[in-house]
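This report concerns only the one structure given below.
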């Protein structure tokens, strides 16, 4: 039990005594057993504290040594950058970069528009006011990157920062919105490059209308062109409003399969039905309406590639005009509540077959709605048209083309140095389509506020610079001339149209002169005979008579305008 008994013999007498023996020291201490183990406990406590202190010191030493090696011996591999935004997001971004072992970024300073922060320091890094000292810092520290870390930064200010960085050949990236990283924490890898969507010359449109759910909840919704960029995004947004069923109709086999797989994985609770079919096939469309009995129809199926449709005008008329008429007529017969037609700004003062065919379709659904209102006042399908410009990243957009050309080393092809276009993002466009569908009472053509048009040449230059290349050095820009049917400037209203404001500042209603239903119905039916004759001249001539504002531009059909 920690003590041993020894027999001590003396000269005088022999006696037995107990001597305390400590097993830790191996000596007789004269202490009782309790005292010995109390000292033992203190000794072990000191040893534990010392070990913990040495461990912490060791870990800090290793970390500091690593940082020293990283910033010292590996200095040549580091990129120097600054953070725009000395607030909470900027500080967190700095820590994320500093603590990421894979990061090759060294933050040398902060920039901020708040004059009160000018001259102060964060983690030993000075804060400079706005962009005033950026050029000096670029020269002093050889800065190659700037990270925007400001919440709710205005588009105007963001564009100023990006333009200045592009002028100084500094790459720009952004800290993502807080809700995308707050739970998991911000990492250096989450800081993303500037996207072309960030260069829109206006604030992004965000809608939150509870009436959309009232219109779509527990209803059968059909989307034509569901595999396209607009149609697929419409399906995604519709799924959030708990429809009874989404009928996804498209003629494109592979993209339709892709959207089906996406919904199976990401929206497993949303009931969908994939339908492979052509809107030009009246018999097939009649079967679809009979089987699924849709209550709301979003008609996004269309041929919309301008040069392609200029080469094949019969296909544009067949799909965009006759196809729309087939779906519209079946919607009336099936007592569909609302039919939302997705049109384009190219239908305004059209200069090409595609735009004229979309305008003819607009005219038909509007005339049909007016006829139904006059003759079936109690109940009828309400037809609503939405009109907007180019969509960033959509099929046929210049953005994917430019990206591909940059990846291939150029050159980037721009048709004309002065050509401009309106742009919006795919989610924005679809939000506005849904909003217009809710607002519409029937017969309206809703026009969306697209902000200021962008010059395609400026867009191309910024995309080159944002990819880390130099214009006309690494990537050249070549002008190819306007394509058939293409015009320099797009419009949202024609010469005879005015607008009426709505409750939403970004949505207006075009005041358009309507046509007689019986007249336009007969004219569209005549297209069947013209398509059968396979005479594109007669077909386009008839389209021009139907849409008198259609004047061809850079097209072989200009001769028809001179003959009138």
Fill in: Within segment 127-160, considering residues that are over 27 Å from the mean Cα position of the chain (by Cα) and surrounded by fewer than 16 Cβ atoms within 10 Å (Cβ to Cβ), the one farthest from residue 466 (Cα to Cα)
129
Practice prompt. Please indicate, with yes or no, whether at least one residue in segment 415-426 is surrounded by fewer than 21 Cβ atoms within 10 Å (Cβ to Cβ), touching a helix residue (DSSP H, G or I) at 6+ places or on another chain (Cβ under 9 Å), modelled with pLDDT of 85 or more and assigned to a strand (DSSP E or B).
Written response: no
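Return yes when residue 248 is over 20 Å from residue 428 (Cβ atoms) and either assigned to a helix (DSSP H, G or I) or touching a residue at least 40 places away in the same chain (Cβ under 8 Å) (or both) and no when it is not. Give the derivation first.
Values: over 20 Å from residue 428 (Cβ atoms): yes; either assigned to a helix (DSSP H, G or I) or touching a residue at least 40 places away in the same chain (Cβ under 8 Å) (or both): no.
Spelling it out, it is not the case that residue 248 is over 20 Å from residue 428 (Cβ atoms) and either assigned to a helix (DSSP H, G or I) or touching a residue at least 40 places away in the same chain (Cβ under 8 Å) (or both).
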Discussion item. So in segment 216-235, with the set limited to residues that are in contact with a strand residue (DSSP E or B) (Cβ under 7 Å, 6 or more places away or on another chain), in a helix (DSSP H, G or I) and in contact (Cβ under 8 Å) with a residue 60 or more places away in the chain, which one is nearest to residue 276 (Cα to Cα)?
Written reply: 231
Response to the item:
Within segment 97-126, residues modelled with pLDDT of 80 or more, buried (at least 17 other Cβ atoms within 10 Å of the Cβ) and part of a helix (DSSP H, G or I) come out as 117
Worksheet item: Is it the case that residue 436 is touching a residue at least 24 places away in the same chain (Cβ under 8 Å) and assigned by TED's automatic domain parsing to the domain that holds residue 360?
Response: yes
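Please enumerate the residues belonging to segment 441-466 that are closer than 14 Å to residue 385 by Cβ and either modelled with pLDDT of 85 or more or surrounded by fewer than 22 Cβ atoms within 10 Å (Cβ to Cβ) (or both). Full working, then the answer.
In the first step, residues of segment 441-466 are kept if they are closer than 14 Å to residue 385 by Cβ; the result is 441-448.
Passing the criteria: 441, 442, 443, 444, 445, 446.
Name the residue, out of 131, 146, 153, that is assigned to a loop (DSSP other than H, G, I, E, B) and at pLDDT 85 or above.
Working: 146 fails: assigned to a loop (DSSP other than H, G, I, E, B); 153 fails: at pLDDT 85 or above.
Only one candidate qualifies: 131.
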Worksheet entry | Matching residues in segment 263-286 - criterion: being surrounded by 14 or more Cβ atoms within 10 Å (Cβ to Cβ) and assigned to a helix (DSSP H, G or I) | 263, 282, 284, 285, 286
Fill in: Only listed residue being out of contact with any strand residue (DSSP E or B) (no Cβ under 7 Å at 6 or more places or on another chain) and within 20 Å of residue 348 (Cβ to Cβ), chosen from 544, 508, 533
544
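The values are calculated or read from the model by the stated rules, or taken from the named source; none is laboratory data. From a predicted model like this one, the values you see are computed outputs, not experimental measurements. As a convention, Cβ positions derive from the backbone with ideal geometry for all residues, glycine included, and neighbour counts pool all protein chains shown.
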